[in-house]
Every structure is written in structure tokens, then in C-alpha cells.
Amino acid sequence: MSDIKKQTEDELLEEVTTSEYKYGFTTDIESDTIPKGLSEDVVRTISSKKNEPEWMLEYRLNAYNAWLEMKEPDWANVSYEKPNYQDVIYYSAPKQKPVLDSLDDLDPEMKKTFDKLGISLEEQKRLANVAVDIVMDSVSVATSFKETLAEKGIIFCSISDAIQEHPELVKKYLGTVVPVRDNFFSALNSAVFSDGSFCYIPKGVQCPMELSTYFRINEAGTGQFERTLLIADEGSQVSYLEGCTAPMRDENQLHAAVVELIALDNADIKYSTVQNWYPGDKDGNGGVFNFVTKRGVCHKNAKISWTQVETGSAVTWKYPSCILKGDNSIGEFFSVAVTNNKQQADTGTKMVHLGKNTKSTIIAKGISAGYSDGNYRGLVRIAKGATNSRNFSQCDSLLMGDKCGSHTFPYIEVKNNSSQVEHEATTSKIGEDQIFYCNQRGIGTEEAIALIVNGYCKDVLNQLPMEFAVEAQKLLEISLEGSVG
Amino acid sequence: MLKIKNLKAGIEEVQILKGINLEVNSGEVHAIMGPNGSGKSTLSSVIAGKEDYEVGNGSVDFLGENLLDMDPEERAHKGVFLSFQYPIEIPGISVSNFIKTSLTEKRKALGQDPLPVKDLLKMMREKMELLSIKKGYLSRNMNEGFSGGEKKRNEIFQMAMLEPKLSILDETDSGLDIDALRIVANGVNKLRTKDNATILITHYQRLLEHIVPDFVHVLHDGKIIKSGGKELALELEEKGYDWITKK
């Protein structure tokens with residue numbers, strides 16, 4: 001390698017470390033917060049603050065007791081100092097009027113926050129087709145387009161409201177896809193979840209708009225334990241968007257969400273996530289721990305499609321999965337995971353084929369820059385009875401610089417010889433030749449990288465709804481800014 | 001337009017260009033010919049600003065400015081275009097998206113607003129016609145799965161869109177069948193004006209039958225050892241490079 005090249009790469013690494021998180025600010029809103037730590041009393045307090053029925057309290061206490069016996073998993077290819085779970089605040093709600101008549105009644109400070117994020121409510125409203133349920137620190141503060149949805153019989157509300165108003169649905173489905181004891185973080189979430197979204201699409205109804213939620217962690221030291229439950233009844237169809245940003249914080253913030261999707265016979269769920277939580281500074285201080293359990297179950301002829309663009313968090317532990325229970329059901333996973341500076345990600349999916357003629361597709365694209373580590377971990381399991389099932393997996397990694405790492409851990413278990421499983425994997429570096437070609441066409445190196453990365457992620461970005469794709473593209477550019485000199 | 005004086009350049013201490021002198025004026029077409037390894041591609045890379053090469057002595061003046069001080073993209077903005085011998089694939093990026101980005105960046109550098117989409121499409125359609133490019137081509141990914149001929153045509157299409165002042169066509173004829181060659185050459189001829197200039201880098205006389213040069217230079221061992229008119233190319237064709245290099 002020539003000296004010039006070496007020099008460029010040194011500059012590259014120099015510049016990587018100067019790329020700071022763009023959404024680092026906090027909103028000054030008075031919060032209703034309970035003291036740090038977790039105990040049976042805290043669980044009871046959360047439940048009573050939310051005025052929950054007895055069965056919900058029992059569910060939480062059962063989960064709390066299960067959690068006490070469980071151990072934090074350490075099989076992921078990440079290293080971090082385990083959080084002190086007694087040092088976390090488990091409930092924080094903005095002190096607000098509980099119900100807003102319109103979005104204009106929103107706290108001006110909060111409004112500013114959204115403006116800074118570039119996703120102002122005005123803009124959201126103008127997008128017209130998007131119903132927004134904004135969660136700021138655990139409690140829904142604004143829900144829009146409810147009436148339009150109500151006409152179709154669609155329920156889209158906070159999970160707290162759903163527990164009050166639709167207990168029969170919550171009771172029937174909560175914890176059926178991700179059981180309390182599924183894992184350490186799901187047990188924790190089940191005990192202390194503060195809020196989240198609930199969605200029910202009735203039989204045969206096509207949801208007329210994208211359902212969208214913007215999450216944001218705001219209170220210093222507040223753990224976020226979102227709970228999402230989405231039920232698509234027989235023959236229904238829905239597209240759900242989830243986007244997140246968090247303000248800059250010095251201490252690590254814990255996020256342990258649980259998302260459960262239920263696609264009944266012939267239903268179709270598309271679940272898209274854009275995640276850019278604070279990744280920590282260039283030295284790896286601070287940042288969000290994102291330990292999320294996302295899983296969906298597909299009944300006969302149903303389809304669940306996960307799309308995620310992950311650019312944030314200090315440590316990511318996340319495997320959106322599909323249980324293909326019904327015959328002819330389809331599971332899809334499209335993912336772009338970017339790590340920069342000292343970020344670590346262990347992410348992927350599980351496709352569990354139980355029904356006959358089930359199909360799954362996995363397209364995972366990893367991009368590593370700086371000193372970061374990106375891991376793909378995926379499981380494809382084809383059960384004995386899942387005759388004629390098929391899986392196709394493609395895992396690509398793109399490396400920028402020579403200080404980052406990328407690993408692929410594909411697990412394949414096939415117990416049925418009429419099934420077909422394909423796995424493709426590639427690792428590449430952004431070529432000097434590609435960059436020079438762009439340069440020669442007048443495209444500077446930063447733009448060239450953005451362009452090449454966008455091209456690399458196209459298969460995944462194409463899965464996102466239009467306006468979300470644009471945002472995701474912007475996000476990719478921001479997260480990789482300065483990553484090549 | 002372009003004044004190269006005593007240019008020396010190499011890669012990892014191996015000297016490839018050993019003192020090039022060349023002057024190209026507006027409206028002229030220069031052909032640089034020479035055997036393999038004579039430094040033809042190095043010359044084009046150095047003019048375009050590829051970082052792999054270390055430039056020692058000499059100067060390259062383009063429209064009164066020192067080209068060697070500029071980043072490759074800056075050179076492109078000023079009007080230097082290189083048609084690559086081996087065009088690079090950019091997976092997932094469509095031809096139209098790439099050219100739009102390229103043109104927008106150039107216009108931005110020149111203080112101009114991006115071309116409205118309508119005008120851009122109109123321009124693309126005109127230039128496609130010029131090069132007999134079929135519909136559907138714009139949405140294909142940059143050079144991905146392109147045949148040799150398609151890649152070269154794509155280079156000339158970009159040249160047509162960017163309207164450079166100085167175009168360097170590096171072995172544009174290689175890998176082209178006779179029909180493709182004719183189309184590409186036709187395109188280049190139509191793009192010729194009294195205000196722009198072209199440097200053709202080629203092994204063979206074949207291309208020069210279609211694009212007639214004003215000057216022909218023979219490059220050998222990093223130096224231009226002979227210059228002449230278009231008849232020099234014919235002489236080379238007839239007698240081979242040995243005729244000059246062994247003198």
C-alpha cells in the first residue's frame with residue numbers, strides 16, 4: 001500500500017471519531033418519576049399508577065418472580081458492563097394533561113424536540129396517510145387519526161388504554177408469542193413495561209394508512225420498557241412503522257422492549273423499524289443498550305415481514321423472528337445494521353418453520369466502520385412436519401477501514417428432507433476504485449460513500465414505505481459521516 | 001487548455017512517466033498511442049487525479065490553474081472527464097440516479113441550482129438518442145451486468161451529460177465490436193465543439209478511422225517520442241511500434 005493510501009486511512013480513522021451524534025439534546029419537561037430500583041413494591045406501584053386491573057398486576061408479579069431466577073444472557077458476541085438493575089428508574093411519565101384534544105395542545109418543549117428530529121407533527125400531518133402515536137418516556141401523549149381508524153374498527157392506542165378498554169384482547173394475546181419466561185429481558189419487560197402500542201385490525205380489513213410510532217427516551221436514567229402488541233385478524237392487512245431517536249446521555253440507558261405480532265389466517269403484517277438511538281461517544285462512553293425481543297406468529301397463509309434499519313445504540317441485541325406455524329405461511333426479514341466508532345451489534349433473525357409449505361427470506365446487510373463490531377446471528381429451523389418448506393438467506397457485510405469487525409453466525413437446523421435451505425454470504429470493502437470513479441464524476445468522497453452504501457442497502461431500503469426510506473437514507477449518511485477521509 | 005510540462009510520476013518508487021510534455025488547445029483532438037506498458041493509462045490517471053500515483057516533477061496546467069493541486073472531484077467540476085478503460089460497477093445505484101448526483105454535484109460546485117427533473121430527463125433522452133441507447137437503460141444499475149460495449153457506451157453517455165471541456169478516452173475502443181465502435185465514435189464526433197478538446201488513448205489505428213485526430217503522439221517508456229498529424233497513425237499501423245522505438 002502506498003504512503004498516500006495509508007495516510008488517507010489514518011485521516012479516515014481520525015475523522016470517524018469526530019462524527020458526533022446529531023440528536024443529542026434533552027427536553028425540559030417535568031416528569032413524574034418513581035425512585036430507582038426494582039422490587040415487588042415497584043411493580044405494584046407501576047401497576048397502580050396505571051390503574052391496572054388485578055389480572056395485569058398478577059401478570060407483572062409473575063414475570064418479576066420469574067426474572068429474579070433468571071440470568072442475563074452472555075452468549076452474544078458483544079462485551080459491555082452489565083447494567084445494575086437496581087440503579088434504573090422503572091417508571092417515568094411526562095406530567096401532562098392525560099388526554100389532548102388535538103396535537104396543537106402539545107407541550108411546546110416537546111414540540112421543539114420533534115422539530116429538531118426533523119419529524120415535526122405538522123410534517124407528519126401533511127403526510128396525511130400516517131397516523132402517529134407518539135410515545136415520550138413511556139406514556140402516550142398524542143394519538144391522531146383515531147377516528148378514521150375507528151370507522152374501520154381498527155384499534156390503535158397505547159397498551160395502557162388497551163388494558164383498560166379492550167382487556168379481552170390483551171388477555172387473550174399478551175405473552176402468547178413472547179412468553180414471560182422467554183428470556184431475561186422479556187421477563188423484565190413483562191414485569192415493568194410502562195407503555196407501548198396496541199393495534200388490532202379486524203377480520204378482512206385493510207388498514208388504510210401506515211401506522212406509525214415515534215419512540216424517544218427522554219428522562220435521564222430512565223429505562224424504557226416498551227410493550228407492543230399487534231393483532232391482525234383473519235384476512236386483514238397492516239403496515240406498521242416504528243422509529244426512534246434518543247437524546248445524548250452520559251450513562252448507559254437500558255432499553256428492553258418486547259414486540260409481539262399475531263398474524264391470524266391469511267393476514268399480512270409489515271413491521272418496519274428505523275432505530276438511531278444514541279450510540280455513545282467516539283470512545284464508547286454512554287449510549288443506549290438495546291435488548292429487544294421481537295417475534296411474530298403466522299397462522300395459515302399469513303405473512304409477516306420485518307424490515308429494520310439499525311444505526312444507533314451502543315450495544316444492540318435484537319432478533320426479530322417469525323414462527324411459521326400455519327401451512328403456507330411466509331416470514332421475511334430485511335435488515336441494515338450499521339455500526340460505527342465503538343458500537344457493537346449482535347442482530348439477526350429466527351425463522352421457525354412448523355407448517356407445511358412455509359417460506360422464509362432473510363436479507364441482512366451489515367455495515368461496520370470505525371472500531372465497531374457488527375454481527376449477524378440467524379437461526380433457520382425447519383421442523384419435522386414442515387414438508388416442502390423453503391428458506392433463502394443472504395448475509396452481506398461491508399467494511400469501512402481496517403479497525404472494524406464483522407461476523408456471521410448462521411444456525412441451520414433442518415429435520416425434514418423435502419425442504420430446501422439456501423445461504424449466501426459475502427464480505428466486501430468499499431473499493432478505492434469505486435470511490436475514485438465517483439470522484440472523477442464530480443462526486444466527493446463523503447457523497448460517494450453515501451451513494452455506494454445506499455446502493456448496497458437498496459434491497460432493504462426498497463422494503464420501507466417511501467417517506468421512511470428517505471429518512472433511513474438520511475440516517476445512514478449521518479451515521480457514516482466522516483467514516484472515510 | 002491543457003499544458004503538461006516535464007511531468008514525472010510513478011507508483012511505489014517505480015517511475016512510469018519520465019517527463020511528458022503535451023499541449024492541448026480548444027477544439028483539438030489528440031491521439032496518444034503506444035505499446036503496452038508505455039504509460040498511457042498512467043498519464044490519464046494522473047490527469048484525473050488518482051491517488052495511487054505519486055507525482056514528482058513537472059506541472060499540469062488546466063485553463064490557467066494547477067490541476068495537480070486539486071482533488072479529483074474538483075478537476076471533474078472544472079471540466080476534466082475520464083472515460084475509464086475498465087468502468088466500475090456500483091451495485092444498487094441506477095444510471096439515472098448516478099448521473100443526476102454527478103450533475104448536481106458539478107452544478108453545485110459551479111454555484112448553479114440542480115437541473116429541474118423535467119429538464120434533466122429531457123437532456124437524458126436527447127443524449128440517449130445520440131448514442132442509440134435503448135429505453136430501460138436508465139434504470140439499470142451502474143455497469144452491473146453490462147457487456148463490454150454497454151460499459152463503454154455508458155461512459156460516453158456520462159460524458160455527453162456532463163459536457164466536459166477536456167475528455168480523455170482511455171482505450172474506449174477496446175472490447176467494442178465494429179457496430180458499437182461506430183456508435184461510440186459517432187457520439188464522440190457529435191459532441192465535438194470548438195470549445196472542448198479530446199485526448200484519445202488507444203493501441204490501434206482502428207478508432208482513429210472514426211474519430212479523426214488533429215495530432216498523434218507516440219508514447220514509449222514514459223516519454224512522448226514522436227508527434228505528428230493523423231498520417232502518423234497510419235504509418236504506425238503499417239510499420240508497427242518497433243519502427244520508432246528501436247530507432
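Some notes on this structure:
- Restricting attention to the range B:84-108, the residues that are more than 8 Å from every other protein chain (Cβ to nearest Cβ) and under 20 Å from B:Leu17 (Cα atoms) total 1.
- Residues of the range B:21-61 satisfying the condition of being more than 14 Å from every other protein chain (Cβ to nearest Cβ) and basic (Lys, Arg): B:Lys40
- Among (1) within 14 Å of chain A (Cβ to nearest Cβ); (2) on the phi < 0 side of the Ramachandran plot, the one test that B:Glu13 misses: (2)
- Test: A:Thr361 is among the hydroxyl-bearing types (Ser, Thr, Tyr), assigned to a strand (DSSP E or B) and either more than 20 Å from the chain's Cα centre (by Cα) or modelled with pLDDT under 95 (or both): no
- Strands (runs of 3 or more DSSP E) enclosed by the range B:153-226 - at least 3 residues per element that are in contact (Cβ under 8 Å) with a residue 24 or more places away in the chain and either among the small types (Gly, Ala, Ser) or away from chain A (no Cβ under 14 Å) (or both): B:197-202, B:215-220
- Residues that are surrounded by fewer than 20 Cβ atoms within 10 Å (Cβ to Cβ) and among the hydrophobic types (A, V, I, L, M, F, W, C) within the range A:417-447 comprise A:Val421, A:Ala425, listed in sequence order.
- Condition check for A:Val78: away from chain B (no Cβ under 14 Å), within 30 Å of A:Gly431 (Cβ to Cβ) and modelled with pLDDT of 55 or more: yes
- Close contacts from the range B:126-143, counting a first residue that is without any contact (Cβ under 8 Å) to a residue 12 or more places away in the chain and a second that is assigned to a strand (DSSP E or B) and loosely packed, with under 15 Cβ neighbours inside 10 Å, with Cβ to Cβ under 6 Å and a gap of 6+ residues or different chains, come to none at all.
- Tally of residues being modelled with pLDDT under 95, of a type in the set (A, V, I, L, M) and in contact with a Phe, Trp or Tyr (Cβ under 9 Å, 6 or more places away or on another chain) across the range A:332-358: 3
- Complete set of residues in the range B:109-151 that are of a type in the set (Lys, Arg) and either within 22 Å of A:Leu451 (Cβ to Cβ) or within 14 Å of chain A (Cβ to nearest Cβ) (or both): B:Lys127, B:Arg140, B:Lys151
- Test: residue in the range B:124-137 that is modelled with pLDDT of 95 or more and part of a loop (DSSP other than H, G, I, E, B): no
- Considering the conditions (1) surrounded by fewer than 16 Cβ atoms within 10 Å (Cβ to Cβ); (2) at positive phi, B:Ala109 is excluded by exactly one of them, (2).
- From A:Leu451, A:Leu398, residue being in contact with a Ser or Thr (Cβ under 8 Å, 6 or more places away or on another chain) and free of Cβ contacts under 8 Å to residues at least 24 places away in the same chain: A:Leu451
- Condition met for B:Met128 (out of contact with any Pro (no Cβ under 6 Å at 6 or more places or on another chain) and closer than 26 Å to B:Thr42 by Cα): no
- Meets criteria (touching a Ser or Thr at 6+ places or on another chain (Cβ under 9 Å) and without any contact (Cβ under 8 Å) to a residue 24 or more places away in the chain) for B:Leu115: yes
- Test result for B:Leu115, of a type in the set (A, V, I, L, M, F, W, C) and surrounded by fewer than 19 Cβ atoms within 10 Å (Cβ to Cβ): yes
- Of all residues in the range B:68-83 being more than 7 Å from chain A (Cβ to nearest Cβ) and touching a residue at least 24 places away in the same chain (Cβ under 8 Å), the one that is nearest to B:Val184 (Cα to Cα): B:Ser83
The values are calculated or read from the model by the stated rules, or taken from the named source; none is laboratory data. All values reported here derive from a predicted model rather than from experimental measurement. Cβ coordinates were reconstructed from backbone atoms using ideal geometry, including for glycine residues, and neighbour counts include every protein chain displayed.
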